[in-house]
Each structure stands twice: as C-alpha cells, then as structure tokens.
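Trainee: Can you keep this structure in mind? I'll have questions shortly.
The values are calculated or read from the model by the stated rules, or taken from the named source; none is laboratory data. The model shown is predicted, which means the values in this text are computed figures rather than measured ones. In this analysis, Cβ positions are derived from the backbone assuming ideal geometry, glycine residues included, and neighbour counts consider all displayed protein chains.
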Amino acid sequence: MTLQQWILLSVVVTPGAVFLGFSFLWLLGWEAPERFLSRITGLVYSLATTAVAWLIWCVAAGGDHPVVVSLGNWFAVHEYEFPLVLLGDHLSLPFLALTVVLVGVIGQFSATYLHRDPGFARFFILLHLFAFGSMLIFAAGSFDLIIGGWELVGITSVLLISFFHFRSGPVENALRVFIVYRACDLGLITAAFVLHHVGHVSSFANGMPPVAGGLATVVGLLLLLSAAGKSAQVPFSGWLPRAMEGPTPSSAIFYGAISVHAGAYLLLRAQPIILGSPLASSAVMFTGLMTAVLGTIVGRASSDAKTSLAYASLAQVGVIFLEIGAGLTWLPVMHILGHAMVRTLQFLRAPSTLHDFHQVHAAAGGQLQQTGKHLETIFPPPLRLWLYRLAIDRGHLDTLLERLIIQPLLRLSLVLGRFDRLGLSNRTPAVIRQIEPLAKQGVING
Amino acid sequence: MADLSFPYLTAAVVIPLAGAAVAFFRKAHTRAASVIAASGAALCCLELFREVHSAGGFRLAEPWALGLFAADTLNATFLVLYSLLTLCILVVAPRRDTNASINGSTLLVLSATLAAYGADNVLLLAAGWIISALPFVLGPFTFNETWRPRVGLALSCLALVGAIGVIAVAALSDGAPQPFSLAALQGHNYGGSAAFALLIAAIVCRKGIFPAHAWIEDAAEAGPVLPFCLFINGHLGAFILARVVIPEFPLSAQGAFPILSDLALFTALYAAVRAVAELSARRILALLVLSQSACILAGLESATPEGITGALVHCIVVAVATTGLFSVLRLMEVRFGRSFTADHYLGLARYTPRLAVFFAVCGLALVGLPGTLGFCSEDLLIHGTLVSHPQIGLLLPVATAMNAVSLFRLFSRMFLGARSTVVHGVTDAAPRERWVLAAIAFFIVAAGLTPATIVAFRANAAQDTSRALVSITK
C-alpha cells in the first residue's frame with residue numbers, strides 16, 4: 001500500500017477503533033475522565049483534518065486520480081462477494097474533510113457544553129461511532145459498504161435523540177425516527193441486491209458501471225427511498241422536528257450538516273444510474289421540489305429555534321435534490337459544503353438566540369426592522385389560513401403516516417395476538433391433566 | 001472415514017451426565033459442579049473442533065463408539081457453541097435459579113443435545129431429541145398451567161419417532177446393511193413421502209413454524225426463561241433439516257422446499273408483526289427468536305450457497321445474541337421482582353447502565369447492525385432468499401426491520417424514559433454477570449469485524465448441503 005492509501009485507511013478506521021476501545025473499557029468498569037475524552041477527540045480529528053487536507057492536495061496535484069484502497073473481500077460465498085474498497089476521489093474527499101472538521105469542532109464545543117453532564121462519556125463515544133459511520137459512507141467504494149455506514153449513522157442518530165433518556169418524550173421520538181430509518185433502509189439494501197444480482201455491480205471504485213433502462217429506474221427509485229428517509233425529504237419529513245430532542249451539538253452535526261446530507265451524497269454517488277432513467281431523475285427533482293416548498297412553509301410557522309432551523313435545512317436539502325436530479329454535480333457539492341457549515345454555526349448558536357437578538361437589537365439602536373413577512377403578504381387571506389393549518393400540522397405527513405401505516409399495523413398485530421391466544425386458557429385440557437401428576441412427582445429429578 | 005484421536009464426543013456427552021448425577025444426588029455446591037461439568041464438555045468439543053478443522057473438514061468417526069458418533073464441520077460448530085452457551089447460562093444464572101434440580105436438568109439437556117448433534121445413528125439422534133425435551137414436558141422446567149408447550153414438544157417427539165420408525169421399516173425391508181446409520185442412509189429416500197412429511201412435521205413443531213408457533217410464546221411467558229433459551233437455541237430443527245432431511249430425501253425436498261421456504265418467510269413476518277403490539281417482554285423476545293429462527297429455516301431452504309451459509313452463520317448469531325438478551329432479561333426480572341411489560345417506561349438504565357448496553361448490543365446483533373456478526377449473516381440470508389424467491393424474499397428484510405423496531409421499543413421501555421416510582425435499590429451487573437456478558441458482546445463484535453473466519457468455518461458444511469440441493473434443482 002502507498003502512503004496515501006495508508007492515510008485514507010487510517011482516517012476512516014481510527015474513529016471506529018477509538019469507539020471500540022472506550023466502549024469496552026467502560027463495559028469493564030473504567031470511566032474515562034472528561035478532559036481525557038475531549039483531548040483524545042481533539043487530537044484524533046486534528047490529525048485527521050491534516051491528513052485529509054494532504055490527501056486532497058495529493059489528488060488535486062495528481063490530476064484527479066483517486067486513491068483506492070482495496071482490502072479484498074470482507075467475506076465471500078460462492079459467487080457473492082462483499083468487497084472492502086475505500087475510495088478517495090473528487091466526490092468523497094470534500095465530504096471526508098467536512099466530517100473531520102465538523103466532528104472536531106463539535107467535540108471541542110461539547111467539552112464545554114456538556115461539562116458535568118451525566119452522559120458526557122456516552123456522547124463522545126457515540127460521536128466517534130457517528131464519525132466512523134459517516135466516513136464509511138463517504139469513503140465506501142461499494143454499495144454494500146455504504147449500507148454498513150448508513151446503518152451506523154442511523155443507530156447513532158437514534159441513540160443521541162434519546163440522549164436525555166430520563167424523559168419519555170425524547171425516547172418516544174427516537175423510536176419514531178428509528179421506524180422511519182429502518183423502513184427506508186430497505187431501499188438501499190434492495191438496491192444493492194439488485195445491482196449485485198441483476199446488474200453484476202459490486203464495486204464502483206473504478207467508476208460507476210453503465211446502468212440504464214428498467215434497471216436504472218428500479219435502482220434509482222430504491223436509492224431515492226433511502227435517500228429521502230435519511231435526508232427527511234417528503235413524505236418522510238415528519239421525523240426531523242422529533243429529532244431536535246437531542247443535545248444541540250448532535251442536532252447541529254446530524255441535522256444541520258452530515259446526516260441530513262448523507263441522502264444527497266448517496267444520490268450524487270449514484271447519479272450516473274439516476275440520470276440513466278428519466279423517471280428516477282424526475283422523481284428526485286419532484287421530491288426535492290416538494291420538500292423545499294414544504295420546508296419553507298412549515299419553517300415559517302415553527303415556534304422554536306431548532307425546529308425552525310431544521311425546516312430551513314430541509315428546504316435547502318430539497319433544493320440540493322433538485323440540483324442532483326437536474327444532472328448538476330459541482331453545484332450540489334458546493335451547496336452541501338456551504339450549507340453544512342452555515343447551518344452548523346446556526347444550530348450551535350441556537351441556545352443563545354435571544355441573547356444574540358438583544359445584542360443586534362441594541363447595536364441597531366433599538367431600531368431593528370422586522371423581516372421575512374413578504375411572502376405571506378402576496379397570498380389571499382383564505383389561502384394564508386390554509387397554509388398556516390398545513391404548516392402547523394407539518395404538512396399532515398405524520399398524521400398520514402400514523403393513519404395509513406402505523407395504526408393498521410398495530411391493529412393487525414392485536415388481531416393476530418388474539419388469534420394466537422385462541423384456545424389458551426388457564427384450564428388445562430383433560431389429556432394434559434392426566435400427565436400432570438407425573439410432572440409433579442418430577443420424573444426427571446426423582 | 002478417519003478417526004478422531006480420542007472419543008471426545010462420548011466424553012462430551014458423558015461428562016454432563018455425570019455432572020447431572022452429582023448435582024441431583026449431592027445437592028451441595030451444585031453451581032460449581034455444574035460449571036465444572038459444562039466446562040469439561042466444552043473443552044472436549046473445542047478439541048474435537050480443532051481436530052475436525054485440521055483434518056480439512058472431512059468427516060471423522062469416533063473411536064470405540066460402535067459407529068454411534070461422528071464429527072464434521074456441520075456439527076463441530078454446533079457442539080462448541082452449545083456447550084459454551086450452557087456454560088454461560090450456568091455461570092450467569094441468578095442464585096434463585098440455581099438448585100440441584102434445575103442445574104442437573106440443564107446438564108441433562110446439554111448431554112442430550114450434544115448426543116443429537118454428534119449422532120451418526122438415527123436412533124441416537126431421536127433419543128437426544130426426545131431426552132432434551134423431557135425436562136420441559138415432565139419437569140422441572142414445566143410451564144405452569146399452560147398446555148401448548150407440552151403438546152407442541154410432545155407432537156414434535158411423536159412425529160420424529162414416527163419418521164424414524166417408517167425409515168427403519170423401509171430400510172430393513174429393503175435389506176439395508178446398516179439400517180440406522182445416517183451415513184449409510186444418504187440418498188436412499190427410505191420411507192418416501194411419509195417419512196419426509198413426518199420429519200418436516202417434527203421440525204415445524206420444534207421450531208415453532210406457523211401454524212405450530214404459539215407454544216414458543218407460551219413457553220417463554222410461563223416457563224423458566226434461561227432453560228427455555230438454552231432449549232430453543234439448540235436449533236435442532238434446523239440441524240436435522242441439514243443433517244437428515246436434505247441428504248436422505250433429496251427428491252422430496254425438491255418439491256417441498258419452495259413451499260416450506262415460503263412458510264418460513266411467512267412465519268418470520270407473522271412473528272415480527274405480532275411483536276409490534278405485544279406488551280409482555282418475554283413474549284416479545286420469544287417472537288423475535290421465532291422470527292429469526294424462521295429466517296434460518298428460510299435460508300436453509302433457499303437452496304443457494306449464500307442462503308445456506310447465511311443460515312448456518314445466523315444460527316450462531318441467534319443463539320449467542322438471544323442468550324445475552326434472555327440473560328439480561330432474567331437478571332433484570334430478579335432485580336425488579338417481577339416480569340416486565342412494555343406498556344410504560346421504567347428508566348432502569350440509570351441503575352443498570354451496563355446491563356442496558358449488553359442488552360442493546362445483543363439486540364442490535366440479532367437484527368443485523370454493522371460491526372456485529374448479525375450484519376454478515378443477515379446480508380447473506382437476504383441475498384440467498386431474494387435469489388431463490390424474488391417475489392416474497394423481500395419479506396425477510398421487512399421482518400428484520402420490524403424486529404428491530406420491536407426490540408428498540410422493548411429496550412426503551414425497560415431501560416429508558418422517566419424513572420418508575422416502584423424501582424428501588426436496583427444494582428448493575430455483578431462481576432460474575434459482567435464478565436460473561438462482556439465475553440458474549442466481545443464475541444459478537446469481534447466475529448462481526450472479521451466475519452470471514454466464521455463464514456469459512458461454515459463453508460464446508462454449507463457446500464455439502466447446497467451441493468445436494470443444487471444437484472436436485474438442476
């Protein structure tokens with residue numbers, strides 16, 4: 001392996017190793033001190049940032065030639081292989097850089113923000129797992145490896161939403177998010193299977209193989225399902241405000257920066273496939289457009305800072321989907337990088353919103369003008385009222401999900417439960433009563 | 001056929017029996033005696049495992065055992081796994097769950113199950129199958145007033161005895177030289193459809209495949225949870241399918257497996273849907289085990305190398321992960337003083353953070369989280385079933401996704417949320433419990449990071465099984 005390959009491998013693997021090390025030591029009874037945890041985090045991501053910057057420079061200087069790390073197959077059975085391939089190219093390296101920089105920043109911010117919190121160590125351990133999962137998504141050279149990172153990011157997100165687990169609200173919301181994640185992950189799993197067995201594609205490290213026609217449509221739509229779930233696009237947007245129950249630093253990095261853009265990254269990575277199908281690319285654009293409109297409307301009626309920011313974020317990710325569906329590549333990448341940075345800053349400042357407002361208000365001499373009312377004024381009052389209702393119920397998406405999927409499933413489960421209990425009573429049938437004395441005598445134990 | 005260097009299988013069967021006798025009659029230091037006996041059996045199985053693999057996966061006969069026992073790559077892993085799981089359960093069991101009767105019966109189940117795994121003779125296999133179920137039918141592991149577990153187990157035993165009887169009569173009337181030898185019976189289809197149907201009925205009853213599924217829930221709810229966990233994790237149903245049904249009845253399997261595979265997938269989904277609104281913690285875990293065990297059967301019946309290997313690896317995942325889950329549940333029940341229901345939050349993680357993490361790790365492995373062995377086995381199972389059943393193969397990932405939701409719901413109700421006012425003085429994992437559960441978690445993660453090792457261990461067994469099936473499907 002060359003030095004560049006070693007560095008790419010180390011950058012991806014180190015957060016996972018740190019996570020495993022701290023987790024097992026904690027399970028065996030060792031509690032790492034706060035300062036030690038934050039220093040290790042700072043050190044790991046400072047080095048990782050330097051390493052990724054160097055990799056970007058090497059790739060740019062080498063004429064955009066990607067760094068490919070092939071570690072063989074993770075496991076293989078018959079003709080099926082799970083390739084372990086990492087890819088550092090013009091698409092993955094900016095995302096890796098974004099991840100290491102933001103995780104480092106969030107780590108430093110959280111060292112103060114969560115000081116003396118009972119969940120301090122848990123937060124940092126999960127932060128490392130999240131970083132590992134994210135880097136696995138961005139550096140993966142195969143869809144199978146993306147699934148690995150995808151699910152790690154999902155479970156970390158859910159565990160951080162329920163971070164304040166001594167209240168029931170965050171835990172309930174974490175369960176709802178988990179349901180959406182697991183349902184939408186089926187799209188990615190099935191897409192990987194279809195690509196393996198129909199398209200005979202297991203790795204895209206040497207470029208995405210040409211896929212067109214019906215196969216491109218099926219794979220494109222399945223990937224869109226997964227991307228929409230992870231990026232909270234319509235009709236799965238309902239989980240995003242629920243996810244705001246987690247601590248502010250995790251909201252910033254998950255729903256302002258990395259996790260919410262993971263869906264967009266997936267579509268960018270699979271863009272050659274999606275553009276091979278007019279139906280799939282139209283579906284991507286339509287989803288993005290609907291989300292952008294919904295995010296704009298709902299965000300304006302949100303009553304708390306984090307939810308308002310979440311919907312603003314959603315609207316931007318919708319626009320990014322629109323750009324990807326239209327066949328643009330560099331614009332969505334730049335859009336993601338810029339948006340992630342700005343939104344992270346906004347989320348981190350969210351707890352100080354009132355303080356900031358008073359400062360700006362005072363600086364303006366108490367003459368701060370209200371902004372953001374222009375859009376409302378152009379609509380007639382009845383339409384405004386209808387839109388307000390729509391915004392208050394967040395596009396009725398959660399209600400629809402509840403009525404169309406969750407409630408029928410629960411009813412079915414209860415009916416099956418009653419069916420299973422048919423014939424079950426505390427009275428033992430006669431034939432069993434006859435062998436009961438044998439059991440009471442304990443034939444086995446004498 | 002080459003021989004093992006020592007009768008490890010006989011020793012592995014006899015040592016727990018001797019331990020059971022000591023536990024029954026001495027009635028003092030029963031945990032120590034049981035742990036020593038289970039450790040002895042585990043050491044024999046480990047040594048046997050080493051010899052099988054150094055022999056390149058060939059079938060090895062037991063010396064001086066009259067052709068009763070043989071070891072190969074299929075049963076060597078099961079033998080090691082089961083003996084180690086029994087050891088874990090004997091160590092981790094709370095004090096109130098350990099007495100002469102319980103420990104002795106646990107060792108009896110261990111001995112009988114190891115005999116069934118190692119048997120090269122249908123009579124011995126049937127004896128192991130029946131004796132391992134006896135403590136659950138006659139005592140001491142009975143299920144209070146609930147009758148379905150006893151009926152389910154009795155039916156599975158009767159069906160197996162019937163099948164063996166039909167096979168023996170057919171083999172004897174055909175003048176077979178070794179009418180009870182598994183190796184000699186291969187491919188002869190003795191007993192035809194009748195024997196095949198009885199064997200499948202035995203497997204369906206034992207594994208709890210729909211419509212014979214309800215006894216598993218009842219058994220988990222009403223019976224002693226740790227012995228029940230040990231019993232279902234024997235996966236004797238799946239083992240007999242791979243050891244007896246596929247090699248003996250390749251022609252019958254050709255016609256019946258697509259239907260059986262569909263039935264197994266349906267059971268996986270049925271149990272997953274049932275678990276969604278279930279409130280009893282024990283029933284939820286039983287339904288998850290049921291669903292995942294059905295996935296194993298679906299993988300075996302998919303007739304693809306990926307599906308069969310996935311099923312054999314998933315057997316290990318389900319056994320290890322559910323041992324961890326049921327152990328934590330039982331430890332929590334003992335601390336809490338009663339059974340758990342998932343209708344309100346208890347917030348126990350603040351008292352038992354480590355037990356909560358062990359529960360989460362085992363649960364996530366069961367539903368295929370990356371970094372655990374479950375991810376690899378689920379991946380192979382999904383590929384295998386989707387290849388063989390493109391239309392309904394998708395039920396498997398759907399069922400797994402629903403299982404994950406049910407498991408997270410149970411985890412959150414038990415460990416998260418506002419603290420219950422009835423909880424006082426609950427302590428976290430004691431060192432004895434912590435080390436066993438840490439070993440389980442370590443295995444799940446270490447094997448998950450290097451799954452190729454485990455897959456390679458199962459490769460020969462899977463190849464033999466898939467070769468038999470692929471040859472008949474072509």
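Trainee: How many residues, within segment A:45-70, are touching a helix residue (DSSP H, G or I) at 6+ places or on another chain (Cβ under 8 Å) and either under 22 Å from residue A:197 (Cα atoms) or assigned to a loop (DSSP other than H, G, I, E, B) (or both)?
Mentor: Going through segment A:45-70 one residue at a time, the tally reaches 2.
Trainee: Can we say residue B:120 is more than 17 Å from the chain's Cα centre (by Cα), charged (D, E, K, R) and crowded, with 24+ Cβ neighbours inside 10 Å? Before the answer, list the steps.
Mentor: On the way: more than 17 Å from the chain's Cα centre (by Cα): yes; charged (D, E, K, R): yes; crowded, with 24+ Cβ neighbours inside 10 Å: yes.
Judged against the criteria, residue B:120 is a match.
Trainee: Restricting segment B:330-385 to residues that are in contact with a strand residue (DSSP E or B) (Cβ under 9 Å, 6 or more places away or on another chain) and among the polar types (S, T, N, Q), which is farthest from the other protein chains (Cβ to nearest Cβ)?
Mentor: Here is the first cut: in segment B:330-385, the residues in contact with a strand residue (DSSP E or B) (Cβ under 9 Å, 6 or more places away or on another chain) are B:339-342, B:376, B:379-380, B:383-384.
Imposing the further condition that a residue be among the polar types (S, T, N, Q) reduces the set to B:339, B:341.
Values: B:339: 16, B:341: 14 Å.
Once the filter is applied, the top-ranked residue is B:339.
Quick grid of which residues meet (1) without any contact (Cβ under 8 Å) to a residue 60 or more places away in the chain; (2) surrounded by fewer than 23 Cβ atoms within 10 Å (Cβ to Cβ):
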| residue | (1), (2) |
| --- | --- |
| B:95 | yes, yes |
| B:99 | no, yes |
| B:107 | no, no |
| B:143 | no, yes |
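Trainee: Which of the residues spanning segment B:1-52 are in a helix (DSSP H, G or I), over 24 Å from residue B:129 (Cβ atoms) and polar (S, T, N, Q)?
Mentor: B:30, B:39
Trainee: Additional query: Report yes if residue A:445 is over 32 Å from the mean Cα position of the chain (by Cα), facing chain B (nearest Cβ under 7 Å), more than 30 Å from residue B:279 (Cβ to Cβ) and modelled with pLDDT under 90, otherwise no. I'd like the intermediate steps shown before the answer.
Mentor: Details: over 32 Å from the mean Cα position of the chain (by Cα): yes; facing chain B (nearest Cβ under 7 Å): yes; more than 30 Å from residue B:279 (Cβ to Cβ): yes; modelled with pLDDT under 90: yes.
So residue A:445 passes the test.
Trainee: Condition first: in contact (Cβ under 8 Å) with a residue 60 or more places away in the chain and among the polar types (S, T, N, Q). Now tell me which residues in segment A:340-360 satisfy that.
Mentor: Those that are in contact (Cβ under 8 Å) with a residue 60 or more places away in the chain and among the polar types (S, T, N, Q): A:344, A:346.
Trainee: Scanning segment A:158-215 for residues that are hydroxyl-bearing (Ser, Thr, Tyr) and at the interface with chain B (Cβ under 10 Å from one of its Cβ atoms), which turns out farthest from the chain's Cα centre (by Cα)?
Mentor: Going through segment A:158-215, the residues hydroxyl-bearing (Ser, Thr, Tyr) turn out to be A:162, A:168, A:181, A:190, A:202-203.
Keeping just the survivors that are at the interface with chain B (Cβ under 10 Å from one of its Cβ atoms) gives A:162, A:168, A:181, A:190.
Numbers: A:162: 15, A:168: 22, A:181: 8, A:190: 18 Å.
Applying the filter and picking the extreme gives A:168.
Trainee: Here is a follow-up. For residue B:412, indicate whether it is within 8 Å of chain A (Cβ to nearest Cβ) and either within 26 Å of residue B:221 (Cβ to Cβ) or touching a residue at least 60 places away in the same chain (Cβ under 8 Å) (or both). Walk me through it before giving the result.
Mentor: Details: within 8 Å of chain A (Cβ to nearest Cβ): yes; either within 26 Å of residue B:221 (Cβ to Cβ) or touching a residue at least 60 places away in the same chain (Cβ under 8 Å) (or both): yes.
Against the criterion (within 8 Å of chain A (Cβ to nearest Cβ) and either within 26 Å of residue B:221 (Cβ to Cβ) or touching a residue at least 60 places away in the same chain (Cβ under 8 Å) (or both)), residue B:412 qualifies.
Trainee: Sticking with this structure for a sec: Could we say that residue B:371 is buried (at least 21 other Cβ atoms within 10 Å of the Cβ), touching a residue at least 60 places away in the same chain (Cβ under 8 Å) and assigned to a loop (DSSP other than H, G, I, E, B) here?
Mentor: Working: buried (at least 21 other Cβ atoms within 10 Å of the Cβ): yes; touching a residue at least 60 places away in the same chain (Cβ under 8 Å): yes; assigned to a loop (DSSP other than H, G, I, E, B): yes.
Judged against the criteria, residue B:371 is a match.
Trainee: In contact with a strand residue (DSSP E or B) (Cβ under 7 Å, 6 or more places away or on another chain) and at pLDDT 85 or above, is that true of residue B:431?
Mentor: Against the criterion (in contact with a strand residue (DSSP E or B) (Cβ under 7 Å, 6 or more places away or on another chain) and at pLDDT 85 or above), residue B:431 does not qualify.
Trainee: Return the pairs, sorted by first residue and then second, in which the second residue is modelled with pLDDT under 85 and in a helix (DSSP H, G or I), the first residue lies in segment B:384-398 and is on the phi < 0 side of the Ramachandran plot and surrounded by fewer than 22 Cβ atoms within 10 Å (Cβ to Cβ), the beta carbons are less than 7 Å apart, and the residues are 6+ apart or on different chains.
Mentor: Pairs found: B:387/A:197.
Trainee: Could you list, in sequence order, all residues of segment B:434-474 that are outside any helix (DSSP H, G or I) and at pLDDT below 90? If you could, list the steps in order and put the result at the bottom.
Mentor: Step one: filter segment B:434-474 for residues outside any helix (DSSP H, G or I), giving B:450, B:474.
Matches in segment B:434-474: B:474 only.
Trainee: Something else about it: Would you call residue B:423 touching a strand residue (DSSP E or B) at 6+ places or on another chain (Cβ under 6 Å) and either modelled with pLDDT under 90 or on the phi > 0 side of the Ramachandran plot (or both)?
Mentor: Details: touching a strand residue (DSSP E or B) at 6+ places or on another chain (Cβ under 6 Å): no; either modelled with pLDDT under 90 or on the phi > 0 side of the Ramachandran plot (or both): yes.
It is false that residue B:423 is touching a strand residue (DSSP E or B) at 6+ places or on another chain (Cβ under 6 Å) and either modelled with pLDDT under 90 or on the phi > 0 side of the Ramachandran plot (or both).
Trainee: For segment B:399-409: of the residues being at the interface with chain A (Cβ under 10 Å from one of its Cβ atoms) and of a type in the set (Gly, Ala, Ser), which is surrounded by the fewest Cβ atoms within 10 Å (Cβ to Cβ)?
Mentor: Per the stated criteria, the residue is B:401.
To keep it simple, each residue is scored yes or no on (1) at pLDDT below 90; (2) aromatic (Phe, Trp, Tyr).
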site	(1), (2)
B:197	no, no
B:202	no, no
B:222	yes, no
B:235	yes, no
B:240	no, no
B:255	yes, no
B:270	no, yes
B:277	no, no
B:281	no, no
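Trainee: Residue A:73 is checked against (1) under 18 Å from the mean Cα position of the chain (by Cα); (2) within 12 Å of another protein chain (Cβ to nearest Cβ); (3) polar (S, T, N, Q) and fails just one. What number does that condition carry?
Mentor: Unmet for residue A:73, out of (1) under 18 Å from the mean Cα position of the chain (by Cα); (2) within 12 Å of another protein chain (Cβ to nearest Cβ); (3) polar (S, T, N, Q): (1).
Trainee: Can you tell me which residue in segment B:80-108 is farthest from the other protein chains (Cβ to nearest Cβ), limited to those that are polar (S, T, N, Q) and part of a helix (DSSP H, G or I)? Full working, then the answer.
Mentor: Keep residues of segment B:80-108 that are polar (S, T, N, Q), which gives B:83, B:86, B:98-99, B:101, B:103, B:105-106.
Filter again for part of a helix (DSSP H, G or I), leaving B:83, B:86, B:101, B:103, B:105-106.
Details: B:83: 20, B:86: 17, B:101: 4, B:103: 10, B:105: 6, B:106: 11 Å.
It comes out as B:83.
Rundown of residues vs (1) in contact (Cβ under 8 Å) with a residue 40 or more places away in the chain; (2) outside any helix (DSSP H, G or I), yes/no style:
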residue	(1), (2)
A:362	no, no
A:366	no, yes
A:375	yes, no
A:386	no, no
A:396	no, no
A:409	no, no
A:415	no, no
